[in-house]
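Notes for the one structure printed next.
The values are calculated or read from the model by the stated rules, or taken from the named source; none is laboratory data. The structure displayed is predicted, hence computed values, not measured ones. For neighbour counting, all protein chains shown are included, and Cβ atoms are generated from backbone atoms with ideal geometry for every residue, glycine included.
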Amino acid sequence: NASGGGGSGALTNGGFESGSLSPWTCQSGSVVVSSPVHSGSHALQVTPTSGTTGECDQTVTLQPNHSYTLTGWVQGPYAYIGVSGGASASTWSSGTTWNKLTVPFTTGASGTVTVYVHGWYAQGNVDADDFSVS
């Protein structure tokens, strides 16, 4: 895996500890914050509007035709995490405190998937932290 970082095709900046979004790409309004966090010193705050879900994405290349689990910690209404592209799977919660979401998925022939997190239109902010793929 030429992208570096720990684990097998691990996400980069999965805990937003760099203090910036990169390499995640987000819809307008979603930002890295220092509070609230699940661990470390930064987390992602997803800010939906009436017309957007605040979605943040990161594309990763994993082993083809291999089973993985995406894990992330979220809090807030209608917090969705999942993968799209070379695999399609997602889950969501509306917990008012930090809760762990897991999404099992199997990559396709390319091994490339896009990991995403988003809220829901016109709902409250979603906090997200500590994403990993294993």
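Some notes on this structure:
- Checking each residue in region 42-94 for being without any contact (Cβ under 8 Å) to a residue 40 or more places away in the chain and hydrophobic (A, V, I, L, M, F, W, C) picks out 83, 87, 89, 92.
- Residue within region 98-108 that is farther than 27 Å from residue 36 by Cα, β-branched (Val, Ile, Thr) and crowded, with 22+ Cβ neighbours inside 10 Å present: yes
- Scanning region 46-55 for residues that are under 15 Å from the mean Cα position of the chain (by Cα) and surrounded by fewer than 23 Cβ atoms within 10 Å (Cβ to Cβ), we see that the one that is farthest from residue 84 (Cα to Cα) is 47.
- One residue alone among 54, 19, 108 is touching a Gly at 6+ places or on another chain (Cβ under 7 Å), at pLDDT 95 or above, of a type in the set (Gly, Ala, Ser) and at positive phi, and that residue is 54.
- On the stretch given as region 84-134, residues that are touching a Pro at 6+ places or on another chain (Cβ under 6 Å) and not in a loop (DSSP other than H, G, I, E, B) total 1.
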